[in-house]
Amino acid sequence: MTRFILFLFFAIHCCFNSIGQVNSSSDQWTILNNKYYSGQIKDIEYLIEIQNLLYNNIANGIYYKPDELIQKLTLYKKIAWGNKKLSKKKAHYFRLLLNNSKMQGRVGEAIYYAEKVDQIDALNGIKTINALVEKIYFFDEQSSYNKVIDAYKKEEPYIYTFPKLLLQGKRSFDDGINVIQVLNSVVHAYCSIKDSINIPGIIAISEDIFKALPSKRDNGTNLPQASLLSKFYIYSMRFNFTHEVLNDNIQSQLYLDSISRLLSVEEYQGLPDFLQIIETNLTHYKLNFYIDTKNIDSAYKYLEKYKESGTLSENQESETNFAEGRIYANQKKFELAYNALLKTLKLKNEEHIQLANEMDEFLYAHTKAESTAAELELTKAENRKRNNIILIASIIVVLTFLLIYLKLKIKNTKIKDQISTLNNITTLRIAAMEESKSQAIVKEQERLAQDIHDDLAGSIASVKHQLEAITFDSESEVLKKRLSNTILNVEEIYSAARSKSHYLLNKAQTLQNNSLIDSILVLTTSALPANKYKTDVQLDADIAQSLSFDERINILKIIQEAIINIIKHSKASEVSIYLYETNERKIVLQISDNGIGTPIKPSKPGIGLTSIKKRVKALNGYMDLYNDNGLVMNISFDKANEVADSFPVI
């Protein structure tokens, strides 16, 4: 899409070169020819008038077929080749053909004429890279990123001298813009292969070229569109690097904001066409950024905006369908995603065919220019080879899409099975804990009754014996002493019974405590297998012992929901679960992972998070969520009154 910006830039800025406005009607060619033959204008004047005429036509959307334009430029070519003082105009001749071709998207012709421009400039001692610009665009459109990089590498030493050449006035304003455009495509290619070594240097040289650009063109005209485009290209390079290679979402968002601010700069408000196209590019960037960061609501918003932006490039429709398929995949709508991807594939095939035809024209243009049958046959062989490559590539793309679809479906099924197993285990563990509690109560109450009966029987008999002895004894001090002894015996009986009941209570609680810890370990072991997750589970046994039965159930369910969220959303490989008591005597349950994190305040909280909040509320607790190399969940609460869950104490 940035290709279209360069075309618009060319079409507008070429008008600044005009000596005067020239009517672009078809008879102007004849009028100018007659003026020249009648002696009204000289050689250089005629050439400039023809250039202005063609530039104005292009700016107004008037283009020509190659043979038609060559015929119209017959006199121009005769003068340029016949006057040694105007030899530099030979390059202008091919540049006119080049601009006419590239504005129509005729890539093959554009590359051919660009090479002719570079060849003639070289004969005049000037090195230019017009062919590099056209080739890199073509390879970029084909997604042939290795070819983009190879083409760039051949000219890299020369490009790195460009800031110095600009400062010395040895290269033009337009050459500098061309180089920045090339470097933008090169960064895109390096991003596609995740190269983090070469990109920073390319961005740095782009910024140096921008700083070295003259503030005005040779004829003194000011071009704010050049500043706008250069800044846009450089921000685009930075965004693509931080987003696609470094995966730095915060910095990527800042560069998107920088591009957004360009749209409101007062200096650029007189360039509505440029601003509209940059805004469309920005919309495309944001669409893919929000899909990659799983912000599906924002992604859908920019998808709709991108659809309404109008068609600015040949691949815009396929990009739209591909983005729509990715959104459906994130929403688990796999059938819709599959259909969108198939439509994308069909459009991509059509684009490949169109590009192949353009390359055919490029190859035939070379062959026709050289007029040799051998090269024509070589061209045909190259065409057949290219068509076979496109066919194989299409088959690979189809198989790739099918594989992605099946992989996503299998993964989704596995996650559902894993969560179902986790739910079943949790239910069984809770049922086991409830049964254990019920059996423990009955068993310990029976044992308590038996022990009290056995221990108290002898004591009561002793008391009875003492009372009978008192009956036969006399009154006075002896009676008091015996009564005191009786009281001591009763106290001993009470103490023994109380100690026994406490012993039974602690034993029952220990059983329940072990049940909670065992249940948590079963959950983590079954749901987070060691071959996929590294787990760290640390549970304070004393804290677990002090919890009420309801608190244990709530903690178990919270851990269950947290593990489900980790499996479904986090993409984590490490999970930690801690249960401990703080110095302020608060009980803390901490669950953390090393995944992608989550929005702390999501627009629509999920069912799992809502369930966790309800259970935290039941604990009269507080939950704190934050991102720290993953998601961290801290839940703190005070211990509940345990009378309801305790055995009676005598």
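The values are calculated or read from the model by the stated rules, or taken from the named source; none is laboratory data. None of the values given here were measured: they were computed from a predicted structure. As a convention, Cβ positions derive from the backbone with ideal geometry for all residues, glycine included, and neighbour counts pool all protein chains shown. Side chains included, ligands, DNA and RNA excluded: accessible areas come from the protein's heavy atoms. Shrake-Rupley method; radii C 1.70, N 1.55, O 1.52, S 1.80 Å.
A few notes on this one:
- Comparison of Asn634, Asn620, Asn641 shows that the only residue that is at pLDDT 85 or above, over 24 Å from Ala572 (Cβ atoms) and either open to solvent by less than 30 Å² (accessible area, probe 1.4 Å) or not in a helix (DSSP H, G or I) (or both) is Asn620.
- Within segment 103-118, at least one residue is in contact with an Asp or Glu (Cβ under 7 Å, 6 or more places away or on another chain), of a type in the set (Lys, Arg), over 21 Å from Glu45 (Cβ atoms) and surrounded by 16 or more Cβ atoms within 10 Å (Cβ to Cβ).
- Scan of segment 81-105 for residues that are touching a Phe, Trp or Tyr at 6+ places or on another chain (Cβ under 6 Å) and of a type in the set (D, E, K, R), ordered by number: none
- Residue selected from segment 1-40 under the condition modelled with pLDDT of 50 or more and buried (at least 16 other Cβ atoms within 10 Å of the Cβ), by the criterion nearest to Phe139 (Cα to Cα): Trp29
- Looking only at segment 41-66, residues that are part of a helix (DSSP H, G or I) and open to solvent by 60 Å² or more (accessible area, probe 1.4 Å) come to 2 in all.
- Segment 524-549 residues that are in contact (Cβ under 8 Å) with a residue 24 or more places away in the chain and open to solvent by less than 50 Å² (accessible area, probe 1.4 Å), paired with ones that are among the aromatic types (Phe, Trp, Tyr) and assigned to a loop (DSSP other than H, G, I, E, B) (beta carbon under 9 Å, 6 or more apart): Thr524/Tyr533; Ala527/Tyr533
- From Ile553, Ile564, Ile517, residue being open to solvent by 10 Å² or more (accessible area, probe 1.4 Å), among the hydrophobic types (A, V, I, L, M, F, W, C) and under 16 Å from Leu619 (Cβ atoms): Ile553
- Residues of segment 224-252 that turn out to be under 16 Å from His284 (Cβ atoms) and either open to solvent by less than 50 Å² (accessible area, probe 1.4 Å) or of a type in the set (Asp, Glu) (or both), as a count: 9
- Qualifying residue in segment 81-95 (condition: among the small types (Gly, Ala, Ser) and under 18 Å from Ser185 (Cβ atoms)): no
- Among residues of segment 237-266 that are within 18 Å of Leu183 (Cα to Cα), those with a beta-carbon under 6 Å from a residue that is charged (D, E, K, R) at least six positions away or on a different chain give the pairs Thr242/Asp248; Val245/Lys194; Tyr255/Arg238.
- Within segment 528-546, the presence of a residue that is among the aliphatic types (A, V, I, L, M), part of a helix (DSSP H, G or I) and closer than 23 Å to Gly630 by Cα is excluded.
- Output for segment 567-614, where each listed residue is open to solvent by less than 50 Å² (accessible area, probe 1.4 Å), closer than 14 Å to Asn629 by Cβ and part of a loop (DSSP other than H, G, I, E, B): Ala572, Gly595, Gly597
- Test: Thr283 is open to solvent by less than 50 Å² (accessible area, probe 1.4 Å), over 30 Å from Lys102 (Cβ atoms) and either modelled with pLDDT of 90 or more or touching a strand residue (DSSP E or B) at 6+ places or on another chain (Cβ under 6 Å) (or both): no
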